[in-house]
Amino acid sequence: MDSFFLQQLFNGITLGAVYGLIAIGYTMVYGIIGMINFAHGEVYMISAYLCAIALALLSFFGLHSFPLLILGTLVFTIVVTGVYGWAIERIAYKPLRNSTRLAPLISAIGMSLILQNYAQISQGPRQQGIPTLLDGAFRFHIGESFVQMTYTKIFILLASLVGMLVLSWIISHTRLGRMCRAVQQDRKMASILGINTDRIISLVFMMGAAMAGLAGVLVTMNYGTFDFYAGFIIGIKAFTAAVLGGIGSLPGAMLGGLILGIAEAQFSGMVNSDYKDVFSFGLLVVILIFRPQGLLGRPVVTKV
């Protein structure tokens with residue numbers, strides 16, 4: 001098999017794993033309240049800044065071991081982004097939960113703009129970055145060429161897989177997960193049975209934000225640079241991945257992220273990287289036309 005194809009395949013799987021992590025946030029919120037959190041991409045952007053802040057603080061206090069450094073950074077970023085997710089739900093969604101469906105959407109877009117400008121004013125408009133934390137790579141020779149897998153991308157894949165597995169286990173095998181599924185199926189009945197639906201909805205926002213925080217740390221490690229506008233495009237692409245897999249389905253979000261990442265990487269390598277965004281959104285249009293419920297989503301049946 002062509003080494004260039006394999007290289008792009010590996011790059012696409014890495015990118016798709018990140019898309020899948022962010023898409024989980026979209027799909028969880030939609031699954032439980034039937035609305036799209038368009039401020040979710042900005043939570044990812046905030047997590048990139050939090051990653052840099054955590055690394056700077058830990059290094060200042062003399063912590064330079066990679067395992068401890070990255071563990072401390074992940075814990076700090078995930079916890080703080082979880083708080084951001086809780087705040088977004090309380091400010092932009094809870095007061096409008098019983099209003100028209102358009103009002104929370106406009107509120108979420110407004111929250112997205114607020115977070116963008118908050119990051120721009122507090123951290124500056126210039127692009128910022130962090131140093132490389134993990135050097136080195138595996139090389140697999142295929143004839144006269146080779147496929148390179150950097151340690152950073154391998155770590156991204158492993159961390160993404162662990163994050164997805166942990167979240168899937170929580171949703172499928174814990175009391176909290178059962179309550180989340182009950183609220184998703186019938187919020188009124190879940191409330192009658194004694195479930196605090198407001199608390200569950202807030203926790204879902206927090207879990208989705210935590211996955212975006214994990215993705216923010218991993219992407220920042222890989223590319224090393226970020227700015228206040230970093231959440232817009234990747235947020236839209238993660239939303240595309242969620243729709244592609246089936247909005248409301250956790251396995252669908254993961255599958256959609258992988259498919260989108262692989263397709264985008266192959267298109268960039270074989271056609272033109274300048275039009276990869278056009279290709280991604282074109283793929284979304286095609287899916288919405290021929291399978292609007294997504295690959296793993298359930299078709300919507302309209303009662304007449």
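The values are calculated or read from the model by the stated rules, or taken from the named source; none is laboratory data. Source: prediction; values computed, not measured. Counting neighbours? That spans all protein chains shown, and the Cβs are built from the backbone with ideal geometry, glycine included. Only protein heavy atoms, including side chains, enter the accessible area calculation; ligands, DNA and RNA are left aside. Shrake-Rupley method; radii C 1.70, N 1.55, O 1.52, S 1.80 Å.
What to note about this one:
- Of the residues making up the range 1-54, just one is over 23 Å from ALA265 (Cα atoms), touching a strand residue (DSSP E or B) at 6+ places or on another chain (Cβ under 8 Å) and of a type in the set (Phe, Trp, Tyr), namely TYR49.
- Search result, residues across the range 54-99 that are among the polar types (S, T, N, Q), over 19 Å from TYR30 (Cβ atoms) and surrounded by fewer than 16 Cβ atoms within 10 Å (Cβ to Cβ): SER59, SER65
- Assessment of the range 193-214 against the conditions (in contact with a Cys (Cβ under 9 Å, 6 or more places away or on another chain) and open to solvent by 20 Å² or more (accessible area, probe 1.4 Å)) yields at least one matching residue.
- Verdict on ILE53 being in a helix (DSSP H, G or I), among the β-branched types (Val, Ile, Thr) and over 17 Å from the mean Cα position of the chain (by Cα): yes
- Taken over the range 116-139, residues that are in a helix (DSSP H, G or I) and either open to solvent by 100 Å² or more (accessible area, probe 1.4 Å) or under 29 Å from LEU63 (Cβ atoms) (or both) amount to 5.
- Looking across the range 246-260, the residues that are within 19 Å of LYS276 (Cβ to Cβ) and open to solvent by less than 30 Å² (accessible area, probe 1.4 Å) come down to GLY256, GLY257, LEU260.
- Whenever a residue of the range 120-137 is closer than 17 Å to ILE46 by Cβ, its partners that are open to solvent by 60 Å² or more (accessible area, probe 1.4 Å), lying with C-beta atoms within less than 8 angstrom and at least six residues away or across chains, give the pairs GLN127/THR225; GLN128/THR225; GLY129/THR225.
- Residue match in the range 146-165 (condition: open to solvent by less than 60 Å² (accessible area, probe 1.4 Å), among the charged types (D, E, K, R) and not in a strand (DSSP E or B)): yes
For (1) in a helix (DSSP H, G or I); (2) open to solvent by 80 Å² or more (accessible area, probe 1.4 Å); (3) at negative phi; (4) modelled with pLDDT under 80, each residue gets a yes or a no:
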{"position": "ILE262", "(1), (2), (3), (4)": "yes, no, yes, no"}
{"position": "ASP277", "(1), (2), (3), (4)": "yes, no, yes, no"}
{"position": "ILE289", "(1), (2), (3), (4)": "yes, yes, yes, no"}
{"position": "GLN293", "(1), (2), (3), (4)": "no, no, yes, no"}
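- Just one of (1) farther than 26 Å from LEU74 by Cα; (2) open to solvent by 50 Å² or more (accessible area, probe 1.4 Å); (3) aromatic (Phe, Trp, Tyr) fails for TYR229. It is (1).
Okay, residues lined up against (1) modelled with pLDDT of 90 or more; (2) within 25 Å of PRO125 (Cβ to Cβ); (3) out of contact with any strand residue (DSSP E or B) (no Cβ under 6 Å at 6 or more places or on another chain):
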{"residue": "LEU203", "(1), (2), (3)": "yes, no, yes"}
{"residue": "ALA209", "(1), (2), (3)": "yes, yes, yes"}
{"residue": "LEU214", "(1), (2), (3)": "yes, no, yes"}
{"residue": "THR225", "(1), (2), (3)": "no, yes, no"}
{"residue": "ILE234", "(1), (2), (3)": "no, yes, yes"}
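- The range 1-13 residues that are farther than 15 Å from ILE154 by Cβ, paired with ones that are not β-branched (Val, Ile, Thr) (beta carbon under 7 Å, 6 or more apart): SER3/SER145; SER3/PHE146; PHE4/GLY269; GLN8/ALA265; GLN8/GLN266; GLN8/GLY269
- Close contacts from the range 43-55, counting a first residue that is free of Cβ contacts under 8 Å to residues at least 24 places away in the same chain and a second that is open to solvent by less than 10 Å² (accessible area, probe 1.4 Å) and not hydroxyl-bearing (Ser, Thr, Tyr), with Cβ to Cβ under 9 Å and a gap of 6+ residues or different chains, come to ALA54/VAL217.
- Only one of the listed residues (ILE88, ILE36, ILE24) is more than 19 Å from ASP198 (Cα to Cα), in contact with a Leu (Cβ under 9 Å, 6 or more places away or on another chain) and of a type in the set (Val, Ile, Thr). That residue is ILE24.
- Against the list (1) at pLDDT 90 or above; (2) open to solvent by 80 Å² or more (accessible area, probe 1.4 Å), the condition MET179 fails is (2).
- Residues in the range 9-31 that are crowded, with 23+ Cβ neighbours inside 10 Å and either outside any helix (DSSP H, G or I) or of a type in the set (Val, Ile, Thr) (or both): THR14, VAL18, ILE22, ILE24, THR27, VAL29.
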